[in-house]
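All remarks here apply to the structure that follows.
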Amino acid sequence: MMKWLILIGAVFSAGCSLIGIRTEEVPQYEVIHAEGVYEIREYPSYLIAETKVEGDYDEAVNKGFRRLAAYIFGNNLSRRSFQNELQVQPDSSEKMSMTAPVEVMKEDWTFWSVSFVMPSQYTIDSLPTPKDPRVVVREMGNRKTAVFKTSGFHSEEKMQKHAEGLRRWIETKEFGEALQASIMVYDPPWTLPFFRRTEITLALRP
């Protein structure tokens, strides 16, 4: 009976994600200005797991996603409380929930940063320690971000095109200096393109 319930739950979850119904936790934010497909948001701090990948956009997304997915699904060392202190448990790993979005940012001509948001139940001290040294966990501090909301497939060309339009909109509104562009992907590859939530973002200098 339990196996059937698990199977039904998995099928239901896959069906929901096919049409863009999302159940994953996402970071909280406040929209302080909205104008059509553009928004200015303020994010409180949250934790991410991040990795750097060399290659083109598709290669970086695929390699980075697999590396980070391995971390949250058990390629890690748990931290457990012992005498009121959190200690790494060398023989214990931990599976964490999948969250959204996956954020992809171009670091330079050949390297990309790919990151997952960590579940909000964790602190920087309680997060499992990555076994893969290429995965780093850190705090993303409070930030103000300009966002272009779109759908469909994601690509480097799409990020660059809409980042330029977003940058021009920011300049006309005098919201501040725009910094590095990134793309936020909220849905798995099997979600139908017109149901996908994809966002191009530009961090704003404080």
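Panel order for SER113, SER182, by other beta carbons found within 10 Å of each beta carbon, from fewest to most: SER113, SER182.
Straightening the chain between GLU30 and ARG66 buys 9.9 nm, computed as 0.36 nm per residue apart minus the Cα-Cα spacing. Taking each of LYS106/LYS161; LYS106/LYS131; LYS63/LYS106; LYS95/LYS131; LYS106/LYS158; LYS106/LYS173 in turn, the alpha-carbon distance tops 19 angstrom for LYS106/LYS131; LYS106/LYS173. Annotation note: chymotrypsin sites (Phe, Trp or Tyr not before Pro) in segment 106-135 located in DSSP loop regions with a Cβ neighbour count of at most 10 within 10 Å are TRP109. Ranked by how many other Cβ atoms sit within 10 Å of their own Cβ, fewest first, the residues MET98, MET105, MET184 fall in the order MET98, MET105, MET184. Measuring nothing but how far apart in sequence close Cα pairs (under 8 Å, 6+ apart) lie, relative to its length, segment 98-159 scores a relative contact order of 20 percent. Can you list the chymotrypsin sites (Phe, Trp or Tyr not before Pro) in segment 145-206 that are in a DSSP coil and have 11 or fewer other beta carbons within 10 angstrom? When the chymotrypsin sites (Phe, Trp or Tyr not before Pro) of segment 145-206 are filtered for loop state and at most 11 Cβ neighbours within 10 Å, PHE153, TRP190 remain.
A short reminder: the numbers here are calculations on the coordinates, not readings from a lab. Everything numeric here is computed off the predicted structure, so don't read it as measured data. Cβ coordinates were reconstructed from backbone atoms using ideal geometry, including for glycine residues, and neighbour counts include every protein chain displayed.
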